[in-house]
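Shown next, in C-alpha cells, is the structure this report addresses.
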Amino acid sequence: MFDNLPILSLITFLPLLGALALMFFARISKSDAKGQLENNAPMVALLVSGAVLLLSILLVWQFDSSTADIQFEERVSWLGGGIDYHLGVDGISILFILLTAFLTPLCILASRKSIKKNMLDYMVAFLILETLMIGVFCALDLILFYLFFEAVLIPMFIIIGVWGGKDRVYASYKFFLYTLLGSVLMLAAILWIYFYSGKELGAPTTDIIALQGLDIPAGPQTWLWLAFFASFAVKMPMWPVHTWLPDAHVQAPTAGSVILAGILLKMGGYGFLRFSLPIFPDATVKFMPLVFGLSVIAIIYTSLVAYRQKDMKKLIAYSSVAHMGFVTMGIFAANVQGIQGAIFQMLSHGLISGALFFGVGVIYDRMHTREIDFYGGLVKRMPVYAFFMMLFTMANVGLPGTSGFVGEILTMVGAYQVNPWVAAGAALGMVLSAVYALYLYRAVIFGEQTNERLDDIEDMGKTETFIMGSLAFFVILLGVYPALITDVTAASVDNLIANFNAATADIVSGQGS
Amino acid sequence: MLYQAIVFLPLLGALIAGLGGRKIGEKPSMAITTGLLMVSAILSWVAFSKVALGGHTEEIELFRFMDVGGFKANWALKIDTLTAVMLVVVNTVSALVHLYSWGYMDEDPHKPRFFAYLSLFTFAMLMLVTANNFIQMFFGWEGVGLASYLLIGFWYKKPSANAAAIKAFVTNRVGDVGLALGVMTIFLVFGSVNFDTVFSAVHDNQDRILSFLGMEFNAIELIAFLLFVGAMGKSAQFILHVWLPDAMEGPTPVSALIHAATMVTAGVFLVCRAYPIYEAAPVTSGFITVLGAFTAFFAATVGLVQNDIKRVIAYSTCSQLGYMFFAAGIGAYNAAMFHLFTHAFFKALLFLGAGSVIHALHHEQDMRKMGGIWKVVPVTYIVMIIGTLAITGVGIPGTGNIGFAGFASKDLIIESAYDAAHGGSAAGAFAFWAGIVAALMTSFYSWRLIFMTFHGKHRGEKKVLDHAHESPLTMLIPLGVLAFGALFAGMFFYKKFAYGVNDFWGHALPMQHAQIAADNLYAAAGTTMSDEAAGHHSYPAWVLWAPFIVSALGFVIAWFTYMYKNGVEKRVNAEGGPLYNFLLNKWYIDELYDATIVRATRWLGDVFWKVGDIGIIDRFGPNGVAAAAMSIGKRLSKIQSGYLYHYAFIMLIGVAAIIALVMRTVGG
C-alpha cells in the first residue's frame, strides 16, 4: 500500500510541517488577523495530528506482525561516513508511534480551553514535540536517534517554562540538570561506538541494526552500558534519579503532563530495548541485579512516598515512577513474558497515566488547585467524572480486566523466572498501589462535600467526556484482549530474546559451571 | 448458549443500570437487573440439573485472554459439578438479594448504582467460578474485590464506610499477592496456568524442589501455600480476617450476598477447585486444617460479646468459613462444599432477617437498643428462628440428614474431622475439638442474638418501636425462599454432596473421604456398598451426639444469661472484666495492626519522601549543584532561559564534533 511512499518520514514530519505553516501564517498575517489565527490554531493542530493518527493507524494496519524484520524502511545518505538518515519500524517500536499519534490529538483537544495565553505558540510547540517523539521511535541511526531523543526535551522545556505553574523555573532546571548528565555520557558512548565500529566492521557506522552485530569486549561494554543507562534511567525515571519528575509534572500544564507521562518516560524503556539489550548483552547480564534492585526499590519506595502526597499531580507522578519500576524489571528479566509485559506496561501506562493527568486537569481547570485536601465529595456534583476516575484508578491499581493488570502480571511472571525475590518485592507494589490510589480517590471524590467553593462545580463537558471515554475504551479493550498488543510485538520480542540469549550463552553457562 | 446466558446476563444488567441508569430511571434499572438475575438464577438450576444430576460437564472456550510465550489463558466457561453448585448458590442468593433490595433500599437516592454494583459483583463471581485457568479466576477474584469495595463504600459520605471499603480492598490485596505469586510459581513449575494441564501434572512434579526467597521448598507445597494465602484474604481467615467485620458498613443486602453467601466462600472454592494440588501437599493441608479450625474458634469467641447485630453475624460467617477450611484441609472437600452450599442459604437468611429488623427499627443495629419486637415483625422472627436452628445444627443425631441445613453439613464436617483424628492426624484432632467448642459458642451467640433482638423488653426509644413495622413483601419473599432452603437444603442434598450418589461430583471432587466413612459403615454392617446405605452408625455415639449436646447447651446458657430473670447479662456488660474486654475488642488485632503496619507505612512514606527524596537526593543532587551555581554566577533567575540555550548549544556542539570526526575519519 505504501510502496515507494516514505510513510515514516511523512508521519514524522507532518506535524513539523503543520507547525511551520502556523508560524509562517503568524509571521505574514496582519495584526488584526492574528487574533483569528490564534483561535484557529488548535483546529489546525487537531487536523494535522488527526491526519498523523490516521496514517499511523494505516501503518499498523499494513504492518506484518508475523516477522521481526524492519518494515517501511527508509535510508538516505545523510552526513556521510556511515551516518545515514535511516528510518524503520518493527514490532517493538510501531505501537509507540501509534500511542504518540493517539495521545497528541487528545492533548490538543484538552488544551483548547485550558490554555489562556499564546495559543498559537503552544500548538506549534506541541506539533514539533510530536514530530520529535515519533522520530525517536522511527530512527534507526544512532545519531538521528540521539538528535530526536535529546531535542524532544526542548519543546517540553518550553511548554513547562512558558505555560507552567509558578515554580516552573525550578522544575525545568531540575529536569534539565538530570537529563544533561545522561546526554553527555550517552554522547561520549556514541562516539566511542562509532570509532569502534570503524575498526571492527571495516567502515564506521551508526546504523543501529548493523551495530547489533557488533561484538564489543566486556570491559568497554560495561562503560558503554552505564553511559546509555545514565541517559535512559533518568528518562524512565528510575530511583534514585526520579526526583525531577514530580516537580516537572506539578508545574507542567495538563497536556504537558500527559505527554511527559504518556510518551517521554517510555523513551527510556524503548532505549533499553533498542540499545542496551541488543548491543551490550554481556553488560546487561552483568547489571541485571542492579536494575532489579533499583526496580524493586522504585516500586516500594515511590509507592510509599506517593501515599503521603498532598498534591494530586505529585501523587500520580510518584505512582508513575513505581509503574516504570515494573517496566525496567520486565525488560531486564530478558524473557518473553518480561519484555512483552514491559512493552505492554509502557503502552498501558501511557493510556492510564494520561487519563489520570487529564482527570486532574479537569478539576484543576475549574478550581485552579491540585491540593487533595481542597476537594472531597465530588461524586455528588460530578458523577460522570467520578465514574471515569474510578475506572482509571482501578486500572492504575492493576485490576484484571483493565490494561494495567496485564503489564504487571506479565512483568512479574517474567521476573519470577529469573529471581523470585524480585517478583515478590514487586508484588508488594500491588498492595501499596491500592493504598495510595484508593486514598486519593476517597479524599477527592468520596466523602461529604465540605468545601462550599465546590457547590457549583460542573461535571465533565462533551470534549472532556470524549477524551476520557476514548482512553477508557482502550484501557478496557486491552485489558480484556491484550493480544491486540502482544500479537504485534511477539515476533520482534522473540527475535530480540533469541539474539540476546545467543550472545550471552557463553557467559551464562560460564556462570553456571 | 445456556452457560453464556447465565454468566453474561448479569453483566448486561450491570451495564444497562450502571451506564444508563440516569437516563432510563430508577424503576427500569431495578427491574432490568433483577429480572435478568432471576432468569440467570433459573437457568443456573437448569444447568445444575444437567451437570450435577445429569453428568453433562462442559468446557466452552470463548476467546483468547493471555497469550505470551507459554503463558496462555483463554476466557472460558468450565462447567462441572463444582461450578454448577457455585452457579446455583451465587445466582439464587443474588437474585433474592436483588429483589430484597427493592424494599430495603427503597429510600436510597442511588438505586440504579446500587443494583448495577450488585449485578457487576454477580458477574465477577460467575467469572471466578467458571474459569478454566488461574488467570481468569484471578480476574473474577479481583473483580469481586472491586464490587465488594464499591458496595461497602456505597454510602460514600460516611467516613467509616470509606475506611472499611479501603480496608477490605487492601487486606484482600495482601492475600492476592500470595495468590499472584502462587500463580507465578505454578507457571514456573508447570509451564501452564490451565487447570487441567496443571492438575494432571501434579503427580509428576510431586518431589520437585524450588528455592523461593532463599529457602528450599517442595514446589507443590509452596504453590498450595501461596494460593491459600489468597484464600485467607478473600475468605477472612485469621490474621487476614480484619476486613470482614468492618465490611458490615455496607448496606445489609450486600452483607448477605457478598460477605456471607458468596464472595467470602471463594477461598473455599479455590481450595476445592485446586484439590489435586492440596492432595499432594500434606503439610499445607495440615496448616489449612489448623488455621481453619483456629479461625472457627477465634471468630466464635469474638462473636460471643458483640453488640452490633450485623457484626455478630459477620463473626459467625468468619467462624463458619473456618469450618469449611478445616474440612478442606483434612481432605473432605465435598463436606466443605456442602457446608458452603447450606451456609449460603441460612447465612443469607440470617443477614437478610437482620436487615429486616434494622429496616423495621429505622436503621438501628445495636442489639442493646432492641428487644421485644417479635410481635411487631412476626415473619422476620420466624425465619430468623429457622436460620438459627439451621446454623446451630439442630437435627436428629445419627440420622445424618434429618435436620436443618446446617445440621447435615456441619455434622458431616465434624465427623470427617473425627475420621482424620482417628486416622492419626493431630491437625484433625485439633479441628475436631475446635469444631465442637466453636459449635457451643455458635449456639450461644446465635440464641443470644435472637433473645436480645426479639425477646424481653424493648430497650430502645419508644418512638422507634412505635414506628416499627413488618417489612414489605419484596423483602419477605426472599426471606421465605431462603428459609425454605435453610429447612430442606441439607436433607435433600445430603447424600449427593456427602456420598456423591449417582456420580454427583463426577471428576470435580475426589470421594475417597466419604468412601472411608462409608466403608466403616459397611464393614460394621457386614454388607456391600449401596447408595441408600449411607449413614453414620459406625461412629461412636458420643461423636454423633456431641454437636447436638453442645448446641443444646449453648441454647440453655444463652437462655439463662439473657432470659432468666434477665440479670446476668447486665452484670457482665457493666463489670466487663479483662476477658470480656479482650473479646469485645476482637483480641486487639486491629489495634495491633494499626500500631505496627499502618503506622510503619505512613512513617516510611514520610521518611522516604522528606529524608530520602528531599533531604538526600535533592539536597546533594540538583539543589547542591544549584547552590554551587548560585554562588558562582548568582544568576538563578536566568537559569530557565539560560540553560535552555546552553542545552541546545551542548547538543549542537556534540553533533558538530561528531561530524568533524566523521570528516576526519572519512578524509583519513
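The values are calculated or read from the model by the stated rules, or taken from the named source; none is laboratory data. In this text, all values refer to a predicted model and were calculated from it rather than measured experimentally. For neighbour counting, all protein chains shown are included, and Cβ atoms are generated from backbone atoms with ideal geometry for every residue, glycine included. Areas reflect the complete protein model, heavy atoms only, side chains present, ligands, DNA and RNA absent. Shrake-Rupley method; radii C 1.70, N 1.55, O 1.52, S 1.80 Å.
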Name the long-range amide H neighbours of B:Asp308: under 5 Å, sequence gap of 5 or more, or other chain; modelled H, no Pro or chain starts. B:Met367
Apply the Debye scattering formula to the range B:15-62, with a single equal point scatterer on each alpha-carbon and no solvent, then give log10 I(q)/I(0) at q = 0.13, 0.23, 0.28, 0.32 Å⁻¹. -0.48, -0.78, -0.93, -1.05
Relative pair counts by distance (%), Cα atoms of the range B:219-377, 10 Å bins: 12, 40, 29, 13, 5, 1
Apply the a/c threshold of 1.5 to the C-alpha gyration tensor of the range A:198-272 and tell me whether it is rounded, prolate or oblate. prolate
How many Å² of accessible area per residue for chain A, probe 1.4 Å? 31
Sequence ranges B:51-62, A:32-43, B:278-289, ranked by mean other-Cβ count within 10 angstrom, highest first: B:278-289, B:51-62, A:32-43
According to the square roots a ≥ b ≥ c of the eigenvalues of the Cα gyration tensor, what is the shape class of the range B:42-109, taking rounded for a/c under 1.5, prolate for a/b larger than b/c otherwise, and oblate for the remainder? oblate
Rg/Rh for the range B:1-96, where both radii come from Cα atoms and Rh is the Kirkwood radius: 1.07
Heavy-atom accessible area of the protein assembly as shown with neighbours in place, 1.4 angstrom probe: carbon+sulfur share in percent works out to 65
Could you work out how far helix B:219-234 tilts from the main Cα principal axis of chain B, as a 0 to 90 degree angle to the nearest 10? 80
Total charge of the residues flanking A:Pro217 in space, meaning their Cβ is under 11 Å from its Cβ, with Lys and Arg +1 and Asp and Glu -1, is -3
Can you tell me, using C-alpha contacts under 8 Å and at least 6 residues apart, the relative contact order of the range A:400-513 as a whole percent? 46
Scalar couplings 3J(HN,Hα) for the range B:458-466 by Karplus 6.51 cos²θ - 1.76 cosθ + 1.60 (θ = phi - 60°), nearest whole Hz, x for Gly and Pro, are 6, 9, x, 6, 5, 3, 5, 5, 5
Compute the signed sum of charges (Lys and Arg +1, Asp and Glu -1) over the other residues within less than 12 Å, Cβ to Cβ, of A:Ile467. +2
Rounded to a whole number, what is D in µm²/s for the range B:573-614 from Stokes-Einstein with the Kirkwood radius over alpha-carbon pairs (10 °C, 1.306 mPa s)? 128
Lysines whose Cα lies under 22 Å from that of B:Lys27, excluding same-chain neighbours fewer than 8 positions away: A:Lys380, B:Lys111
Regarding the range A:367-512, what is the average projected area of its C-alpha convex hull, in nm²? 11.8
Which whole-percent values make up P(r) of the range A:297-365 when all C-alpha to C-alpha distances are grouped in 5 Å steps starting at zero? 4, 18, 23, 21, 18, 10, 5, 2, 1
Which residues qualify? For B:Phe217, with a placed amide H closer than 5 Å and at least 5 residues away or on another chain, they are B:Leu210, B:Ser211, B:Phe212
When the range B:75-117 is reduced to its Cα atoms, the Kirkwood hydrodynamic radius in Å: 12.2
Starting from the alpha-carbon convex hull of the protein assembly as shown, give the projected area averaged over all orientations, in nm². 49.5
Diffusion constant of the range A:1-145 at 25 °C, which comes from Stokes-Einstein with the Kirkwood Cα-pair radius and 0.890 mPa s, µm²/s: 152
How big is the C-alpha Rg of chain B next to the rule-of-thumb value 2.2 N^0.38 Å, as a ratio? 1.10
Working with all protein chains in place, sort A:Glu150, B:Glu107, B:Glu470, A:Glu448 by solvent-accessible area computed with a 1.4 Å probe, largest first. B:Glu107, A:Glu448, B:Glu470, A:Glu150
Going Cα to Cα from B:Lys369, which lysines come in below 27 Å? Please leave out same-chain ones fewer than 8 positions away. B:Lys157, B:Lys158, B:Lys310, B:Lys347, B:Lys457, B:Lys462, B:Lys463, B:Lys565, B:Lys570, B:Lys586
Taking square-rooted eigenvalues a ≥ b ≥ c of the alpha carbon gyration tensor, is the range A:409-471 rounded, prolate or oblate, where a/c under 1.5 means rounded and, failing that, a/b exceeding b/c means prolate? oblate
Please give every one of the lysines within straight-line cross-link reach of A:Lys30, meaning a C-alpha to C-alpha distance under 25 Å, and leave out same-chain neighbours fewer than 8 residues apart. A:Lys113, A:Lys116, A:Lys117
Send over the per residue convex hull volume for the range A:93-225, Cα only, as a whole number of Å³. 109
May I ask for the Kirkwood hydrodynamic radius of the range B:172-220, worked out over all distinct Cα pairs and given in angstroms to one decimal? 11.5
Whole-number D in µm² s⁻¹ for the range B:260-336, Kirkwood Cα-pair radius fed into Stokes-Einstein, 25 °C, 0.890 mPa s: 195
Using just the alpha carbons, could you tell me how many Å³ per residue the convex hull of the range B:161-267 encloses? 107
Restricting things to alpha carbons, find the Rg to Rh ratio for the range B:24-163 using the Kirkwood radius for Rh. 1.03
For the range A:496-506, what does the Karplus curve 6.51 cos²θ - 1.76 cosθ + 1.60, with θ = phi - 60°, yield as ³J(HN,Hα) per residue in whole Hz, taken in order and with x for Gly and Pro? 4, 5, 4, 4, 4, 5, 4, 5, 9, 4, 5
State, as an integer percentage, the relative contact order of chain A based on alpha-carbon contacts under 8 Å between residues 6 or more apart. 15
What ranking, highest mean first, results for peptides A:491-498, B:84-91 when packing means the other Cβ atoms within 10 Å averaged over each residue? B:84-91, A:491-498
Using the eigenvalues of the Cα gyration tensor, what equivalent ellipsoid semi-axes result for chain A when each is taken as the square root of five times the eigenvalue, whole Å, largest first? 36, 28, 20
Just need log10 I(q)/I(0) for the range A:399-441 at q = 0.16, 0.21, 0.27 Å⁻¹, Debye formula, equal scatterers on the alpha-carbon atoms, no solvent, rounded to two decimals. -0.45, -0.70, -0.94
For the range B:319-417, fraction of C-alpha pairs farther apart than 19 Å, in %: 48
Mean separation of Cα contacts under 8 Å (6+ apart) over length of chain B, as relative contact order %: 12
